[in-house]
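The values are calculated or read from the model by the stated rules, or taken from the named source; none is laboratory data. On a predicted model such as this, the values are computed, not experimentally measured, just so you know. Note that we place each Cβ from the backbone using ideal geometry, even for glycine, and neighbour counts take in every protein chain shown.
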């Protein structure tokens, strides 16, 4: 069973922008969280899927 994760608590673990931390693992997937600062430039991963979920921002 997968445990609940408090995203606000995980956010406090991030030391600087653009430094993702692992939040959870589900089967072969890894969920990571990072702080974004400034403009984000889209990119492509040939052998991976990516999902972006914003929790807050301007």
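See the values below:
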item: The listed residue being assigned to a strand (DSSP E or B), touching a strand residue (DSSP E or B) at 6+ places or on another chain (Cβ under 7 Å) and surrounded by 10 or more Cβ atoms within 10 Å (Cβ to Cβ), out of 23, 5; result: 23
item: The one condition in (1) under 10 Å from the mean Cα position of the chain (by Cα); (2) modelled with pLDDT of 80 or more that residue 53 fails to fulfil; result: (2)
item: Pairs, first more than 10 Å from residue 33 (Cβ to Cβ) in the range 5-21, second loosely packed, with under 10 Cβ neighbours inside 10 Å and modelled with pLDDT of 90 or more, C-beta under 9 Å, six or more apart; result: none
item: Positions within the range 26-44 being under 19 Å from residue 14 (Cα atoms), part of a loop (DSSP other than H, G, I, E, B) and free of Cβ contacts under 8 Å to residues at least 24 places away in the same chain, in sequence order; result: 34, 36, 37, 38, 39, 40
